[in-house]
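Below: the structure, in structure tokens.
The values are calculated or read from the model by the stated rules, or taken from the named source; none is laboratory data. Note that the coordinates shown come from a computational prediction; the quantities given were computed from them, not determined experimentally. Quick reminder, even Gly has a Cβ in these numbers, built from the backbone with ideal geometry, and neighbours come from all protein chains shown. Only protein heavy atoms, including side chains, enter the accessible area calculation; ligands, DNA and RNA are left aside. Shrake-Rupley method; radii C 1.70, N 1.55, O 1.52, S 1.80 Å.
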Amino acid sequence: MNTAIQQPEHIPWIGFFNKMAQCDLFVYLDNVQFKKRYFENRNKVISNGEVLWLTVPVVTKGLQTQTICDVKIDYDQAWGGKYKGRLEHAYGKLPAWEDIKKITFPPLEKSFEKLVDLNLALINNIRDYLGIETPTARASKMPCNNLKGSDLILEICSQSDTRTYISGPDGENYLESEKFLKKEIEIVFHNFQHPEYTQMVEGFVSHLSVLDLIANHGKKSLDVINTYHQMDN
């Protein structure tokens, strides 16, 4: 069993889906602390050559240590119309715009209470569109006994009968590899090389939401996503 574990980001970049496509189980790490001004509630698109953020406002006042699975969407801010308008301004003239609408608009219109539920609805629609069938699970639904850091990752792997853990590059900075070896779990690092693809702008802008790729390449997007990947021990 090859397992990858990743925070459920908002309309993630293509490396997220490349990692998902390479594993036997993908676990959403939704029981760790929410990071403000990161990628859990926002991501980037490009509109007329300008990089813009698509952001879902969330309730954070007095909740500095809340976990991702507990974060609520802030509906006191009228954000939905601006979000969809910005998305249409970016990609409304591209051939796959109708596909983008089918992926994003229904979840955006459901008024989810929790950010994680919106994110997972969007991710699931993207998965289905791309044809990625990797089984998924949520770390918050596992009995992890308030573990953190490397111990949390190891426990998730152990509960999932993992033989190989596919880590992001940052794992080299905090994973206690000797503990994984004792459990006979191999660690490999997902060093994704971002491919260039045709965009409707001059030059190329990388590390945008996967929606940028879909808008430009439609159903051929998974071929682009799977073009480049490297696993290092």
Checklist entry - Do the conditions hold for Asp161, that is, is it on the phi > 0 side of the Ramachandran plot, open to solvent by 90 Å² or more (accessible area, probe 1.4 Å) and acidic (Asp, Glu)? => result yes
Checklist outcome for this item: Restricting region 95-118 to residues that are among the aromatic types (Phe, Trp, Tyr) and assigned to a helix (DSSP H, G or I), the one most open to solvent (accessible area, probe 1.4 Å) turns out to be Phe105
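Yes/no matrix, rows are residues, columns are (1) in contact with a helix residue (DSSP H, G or I) (Cβ under 8 Å, 6 or more places away or on another chain); (2) surrounded by fewer than 22 Cβ atoms within 10 Å (Cβ to Cβ):
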{"site": "Asn2", "(1), (2)": "yes, yes"}
{"site": "Asn18", "(1), (2)": "yes, no"}
{"site": "Leu25", "(1), (2)": "no, yes"}
{"site": "Leu29", "(1), (2)": "yes, yes"}
{"site": "Gln33", "(1), (2)": "yes, yes"}
Checklist entry - Is it the case that some residue within region 71-94 is in a helix (DSSP H, G or I), closer than 24 Å to Lys19 by Cα and out of contact with any Pro (no Cβ under 8 Å at 6 or more places or on another chain)? => result no
Next on the checklist: Can you find, within region 57-76, the residue that is nearest to Asn31 (Cα to Cα) among those that are open to solvent by 30 Å² or more (accessible area, probe 1.4 Å) and aliphatic (A, V, I, L, M)?
Outcome noted: Leu63
Checklist entry - Tell me, which strands (runs of 3 or more DSSP E) wholly within region 4-60 include 2 or more residues that are closer than 22 Å to Lys84 by Cβ? => result 42-47, 50-55
Item to check | Failed criterion for Pro143 (all others in (1) modelled with pLDDT under 95; (2) open to solvent by 60 Å² or more (accessible area, probe 1.4 Å); (3) closer than 26 Å to Asn41 by Cβ hold) | outcome: (3)
Item to check | Count - residues of region 77-92 that are loosely packed, with under 15 Cβ neighbours inside 10 Å and in contact (Cβ under 8 Å) with a residue 12 or more places away in the chain | outcome: 2
